[in-house]
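One structure below.
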Amino acid sequence: MSAQGETFLEAADSLAARLCRDAVWAGARCNWLGDSMEFVGGQWAVAHRAFGPDLYSGTSGVALFLAEAFGKTGEPLFRETAAGGARQALSRLEEMPAQARVGFYTGHTGVGYALTRIGELTDEQEFVDRGLQLVEALAEVEPDERATDVLAGSAGAIPALLHLQKRYGREPLLELARRHGEFLIGAARKTQGGWSWNTLNVPAEQRKQDLNGFSHGAAGIGWALLELWKATAEERFRVAAEQGFAYERQWFDARQENWPDFRGLYDAWTGTGGQPGFMTAWCHGAPGIGLSRVRAYELTGEEIYRREAEAALRCTGRALAAASAPGQANYSLCHGHAGNAELLVYAARVFGDDSSRLLAEQVGLSGVEQYRKTYSPWPCGVLQGGETPGLLLGLAGIGHFYLRLQDPAGVPPVLIILPE
């Protein structure tokens, strides 16, 4: 291992050790306390709380990182605490509303995916079996028009279902993925400019532009449909994916090399006067959209997707170079440096692009210099909050980023689930 690889692994090891130290145990289960955004008294506020079972900020996401860290270090404490977090997630599954269970980052699909990976890494077949049972039970849950996106809906479920079907030979999961794909085709808003989805569940009389972007917009839904086309060879899914990408293409801003964030059209508190702004993050903007286009190029070989991915890479590179850019003052996966750098890590693999790899590594080294070596708190993704343990907003995700830097081929990404 190179000296740089050792630096990245040491950073991940340090974060895993801290999460083990901070775990709150009850018998064989453990949870964590940390900052979260909660809707209190009619407004969003930072709350310090214990977490649920979900992948996004809950115990299954923290356990997934700890299991990956165990796989790299062999540290028994990481294995033990990963198992404790997994058991806690299993004990709280019924708390998730039925209509939310399909979600990958927020529901049973993500918990099941995490359990299978944790079970493989820790050699605990029980976790693999429980994870598969959990996901297979979703055949009883109908797709929901309020849950279409990657973060919490059908689009996020499809690639995970395809991954589990392929890895474990569970053929019913392919049919389940197909059912969610058909639902997304039926739910699309079909216009001459392309297809989009009402992921914000805005009433028809208030609806203006549907969202661009990966976690909540057309990029993520298009990506999921393209994965389904690859798995089934059914052309309707490729057509639907291309229509989703076409919808975003019409809004591309060549000057910023980014796609507008249309949430501002619905949020009076933004003070934008109804004009969309631009965000540069996995959840909204070029980094996440870029992931969808890198994958689209990998699956189809179409040059238009490579050109769009390269524009996203340039935009993301500028944002990473400007440490004070709005929305970038943290290292979280969802909307911080680590999440943005995932585009660079993935593009470096697909395009053979050394410049992207080097920039991603520089982001990692900068974090080590600013926070690891100075023992300073890592800036996480909860606005006006402190450190938090979770995968998409906190320390577990930052640690996962360092494992990806150390071994991008051996540690699967959690921001884009690849069915291989």
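The values are calculated or read from the model by the stated rules, or taken from the named source; none is laboratory data. Since the model is a prediction, treat every value here as computed from it, not as a measurement. Counting neighbours? That spans all protein chains shown, and the Cβs are built from the backbone with ideal geometry, glycine included. Please note that ligands, DNA and RNA were not included when accessible areas were found on the heavy atoms of the full protein model with its side chains. Shrake-Rupley method; radii C 1.70, N 1.55, O 1.52, S 1.80 Å.
Among the conditions (1) in contact (Cβ under 8 Å) with a residue 24 or more places away in the chain; (2) within 26 Å of I417 (Cα to Cα), the only one that A28 does not satisfy is (2). For region 89-96, check the following and say yes or no: at least one residue is part of a helix (DSSP H, G or I) and touching a residue at least 60 places away in the same chain (Cβ under 8 Å). Scanning region 89-96, I find at least one residue that is part of a helix (DSSP H, G or I) and touching a residue at least 60 places away in the same chain (Cβ under 8 Å), so the answer is yes. Take the conditions (1) crowded, with 24+ Cβ neighbours inside 10 Å; (2) within 18 Å of the chain's Cα centre (by Cα); Q88 misses just one of them, which is (2). All of V128, V141, V135, V111 fail the test of being at pLDDT below 95, open to solvent by less than 40 Å² (accessible area, probe 1.4 Å) and farther than 18 Å from L225 by Cα, apart from V141. Screening S91 against (1) out of contact with any His (no Cβ under 9 Å at 6 or more places or on another chain); (2) of a type in the set (S, T, Y); (3) within 23 Å of L415 (Cα to Cα) leaves a single unmet condition, (3).
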